[in-house]
Structure formats: C-alpha cells, structure tokens
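Chemist: So that we are looking at the same thing, I have put the structure below in structure tokens.
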Amino acid sequence: MMLAAFLLLLFLTDGAYSQDNCSYQDVLNYLNLTKNNELYFMTRPVKNYKHSTEVHLEVLLYAILDVVEKDQKFIPYVWILMKWHNEYISWDPNQFCGIDNVSIPTEIMWKPDLTIEEMTEMDKAPPSPYLSINNKGYVEVQNDQVLVSTCRMHIYNFPFDIQSCNLSFKSVIHTAKDIRLLPVDNSSEATEWSREVMRTQYEWLFINMKVTFNNASDLLGQDIVIYTINMKRRSVLYIVNFILPVLFFLGLDLASFLISDSGGEKLSFKVTVLLAVTVLQLILNEILPSSSNRIPLVAVYCIGIFALMMLSLLETIFVMYLMEKDSASQDNETNEDRSTSEDCNQQGKANFLKCHGAQQQQASGGVPGLGEGLRKALQPCTESDTDKGLTSYAYSITYSAFLYY
C-alpha cells in the first residue's frame with residue numbers, strides 16, 4: 001500500500017515537472033544560453049583544442065540571374081546550408097516535453113568563417129537572423145545569397161558556348177587542424193536538387209553542378225569544396241538578332257551588282273549596307289570581353305563579311321572610275337570628229353582625192369609611206385578601240401567580283 005502511494009506521488013510529480021519545462025526558454029535556461037555567456041560564441045566549440053570541427057556544407061542553385069561577359073562576372077542566387085557540432089550543447093528531450101530543436105539568434109553562437117574565393121561583392125541582403133540547434137549539439141544555419149563572383153569566360157564558340165563557373169568554399173583563417181570542410185551531396189545529388197528548386201535561368205540552360213572536394217595535404221593547409229556550375233547559352237536570340245541580319249546584309253550587297261554603275265545609286269547603297277554591318281559589329285564589341293586569348297568565331301564571321309563588302313565597294317569605285325574615263329574619251333572623240341568633218345568640207349574635193357590616193361597606196365603594201373592625212377584619219381579609230389577596251393575591262397571586273405561572291 002505504501003509502495004503504491006509512493007509510485008503515484010512520483011508519477012504526479014514527474015508530470016508536473018514535465019509540464020513546467022515545456023517552453024523553449026526552459027531549454028535555453030538549462031543550457032545557460034544567453035548573449036552574455038561567452039562559452040558559446042567566443043571560441044571554437046570543442047572541449048579539447050586538438051579536436052577538429054567538422055563543417056558539413058550543402059549548396060543548391062536557385063537561379064542564374066546574370067552572366068556579364070564583358071566584365072566576366074557570374075551572378076547566381078544560391079542556397080547555402082552549414083552544419084557542425086557544438087560539444088557544449090546537449091539536453092534530454094524527455095525532460096522538456098519532447099523538445100529536440102530550438103531556434104536562436106545567430107549572434108549568440110559561434111559560426112564557421114567560410115568564404116567564397118571568387119566572390120567580388122558582398123551580398124546586400126542581410127543574412128539569416130536565426131540558426132537552429134538540436135538536443136545532440138548539432139548547429140545548422142541556412143542562408144539565401146545573391147553572389148557576384150568572377151568567372152573566366154570562354155567565348156570562342158559564342159553564341160554556341162558552354163560556360164563553367166566555380167564557387168570555392170574555404171575557411172578564412174582556420175586550417176585543416178581546426179576545421180574539416182565536407183560536402184553533403186555528391187555531383188548527381190546536387191544537380192538533381194538544383195534542377196528541382198531552379199526558378200529562373202536568364203538566357204542560360206543549366207546543365208549540371210559538379211562537386212569537388214580538395215582535401216588538405218597536411219594539417220596546415222585548408223580544405224576546399226568547389227562547386228562547378230556548367231551552363232549552356234540559349235543561342236536562338238543571337239542567331240535571329242545578329243547572325244542572320246549580317247547574312248541578309250551580305251545578300252543585299254550581292255544584289256547591288258544588278259544596279260547600274262553609270263549613276264551614283266550603287267555606290268551610296270553599298271556604303272549604307274557597310275555602315276549597317278559596322279553598327280552590328282559595335283554591338284558585338286559591347287558584348288564580348290576584350291581579354292579573350294582567341295578571336296571568337298562570330299568575330300571572324302563579321303570581319304570576313306565586312307572584308308567582302310569593302311572589296312565590293314572598292315570594285316564599284318574602280319569600275320565607276322573606268323566608266324567615267326571612258327565617257328570623257330567618247331566626248332573628246334565626238335568633238336574631234338566634228339572638227340575633222342568641218343575641215344574636210346572646207347578643203348573640198350582636192351583633199352578627198354589625196355586621201356583616196358593614200359588609201360590605195362596602203363592597199364598595195366605601202367604602209368610606211370602613209371600620208372599624213374590618212375594617219376590623222378586612222379587616229380580617232382584607234383582611240384575608239386582603246387575606249388571600248390576600258391568599258392569591256394570594267395564589265396569584266398564586275399563579273400569577276402560577282403563570281404567571287
């Protein structure tokens with residue numbers, strides 16, 4: 001009877017004790033976890049300094065916000081999770097109504113000093129104000145960050161290029177003796193999770209995420225976890241807005257061979273088309289970085305078309321010059337014919353007979369003794385044949401240039 005009463009009293013007391021310890025504050029009071037307790041935030045949370053702290057890292061890609069080729073910058077939106085063990089934190093959930101996890105402000109707890117080597121600008125958004133701890137002493141912190149990082153761009157195959165940008169995580173001051181950095185997911189898991197949570201990809205198509213763990217060779221080195229993000233550019237927009245228009249301008253320049261060379265319309269048309277291609281080249285120059293070691297294929301494509309158009313323009317200028325010279329020669333020939341006709345009318349029949357006799361002497365083989373009048377009569381014919389040769393030469397140049405196109 002006495003034993004039963006004692007057990008009943010013990011049960012009621014334990015129940016009352018459990019009900020009085022069912023708040024998060026009770027857990028914090030039990031741990032003496034306050035802003036003034038330097039035990040939790042001043043030093044690395046180990047009871048023996050020879051014990052290293054294992055930090056488990058997980059990174060997921062939420063979005064590809066921008067890739068600036070000119071400045072060689074990669075701007076992703078990532079989700080970063082860090083988890084480590086604090087040897088000073090432990091409690092029995094049964095004593096606190098089953099509470100096994102508590103969220104507390106980040107400033108009252110020690111955190112690993114991880115940084116990203118490629119990061120050039122700090123995230124303007126504030127970090128997460130809270131972290132969570134569990135009854136076994138594991139601390140977990142999550143952050144969503146917009147990173148501005150450097151990325152070496154390989155734009156030789158632009159706009160059909162594939163870019164690979166790295167995010168390298170390591171400690172700022174701690175060596176491998178103090179912090180061991182370990183990735184949570186492998187490459188396939190990180191790729192799968194990133195595809196599931198991906199929100200936007202800008203003009204890029206996410207391919208995969210490769211996780212590389214560089215273990216320190218000695219305790220004085222540092223562990224580095226590298227996340228390599230591979231992505232492919234969506235090239236349709238560049239094909240429609242750049243490559244095809246340049247090709248169309250080349251077609252217009254080719255069609256200009258059907259325009260007559262006698263006027264100035266052909267020359268002005270070719271200059272206009274050449275200026276249009278120059279504008280597109282300036283747009284391309286604003287996109288591509290100037291620090292590339294190799295000339296991109298699209299730049300070679302534009303330079304080749306620009307060179308063809310320039311040669312076509314020079315050909316037009318040369319042909320117009322020949323035709324202008326031919327026209328001037330024809331005008332001189334017409335004036336000389338008029339002068340010769342007037343002289344013949346004035347001299348009358350005597351001069352006609354003299355010229356007729358000279359022609360008979362030529363027919364009999366006396367070419368060296370041609371009369372002065374006959375030589376003057378043949379001179380306009382020779383000049384006319386030369387002028388006709390200039391026109392024929394100009395047409396041959398135009399035809400050859402068309403075939404070269």
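Chemist: GluC sites (Glu not before Pro), restricted to the stretch 22-126: which are DSSP loop and have at most 12 other Cβ atoms within 10 Å?
Modeler: Here the sparse-neighbourhood loop sites are Glu38.
Chemist: Additional query: Compute the semi-axes of the equivalent ellipsoid of the stretch 103-225, taking the square root of 5 times each eigenvalue of the Cα gyration tensor, and list them largest first in whole Å. Don't jump to the answer; show the numbers that get you there.
Modeler: Working: eigenvalues 166, 76, 47 Å².
Equivalent ellipsoid semi-axes, largest first: 29, 20, 15 Å.
Chemist: I need the per residue convex hull volume for the stretch 20-234, using only the alpha carbons, in cubic angstrom as a whole number.
Modeler: With only Cα atoms used, the stretch 20-234 gives 138 Å³ per residue.
Chemist: Related question: Determine Rg/Rh for the stretch 162-273; Rg is computed over alpha-carbon atoms and Rh is the Kirkwood hydrodynamic estimate from the same atoms.
Modeler: Over the Cα atoms of the stretch 162-273, Rg/Rh equals 1.41.
Chemist: Okay, moving on. I need Lys177, Lys35 ordered by Cβ neighbour count within 10 Å, fewest first. Show your work: numbers first, answer last.
Modeler: Numbers: Lys177 15, Lys35 10.
Least crowded to most crowded, the residues run Lys35, Lys177.
Chemist: OK, next. Please report Cys151, Cys22 as a ranked list, fewest other C-beta atoms within 10 angstrom at the top and most at the bottom.
Modeler: Neighbour counts put them in this order, fewest first: Cys22, Cys151.
Throughout, read-outs are computed from the coordinates displayed, never taken from laboratory work. In this text the structure is predicted, and so the values were computed from the model without any measurement. Here Cβ is always computed from backbone atoms with ideal geometry, including for glycine, and neighbour counts include all displayed protein chains.
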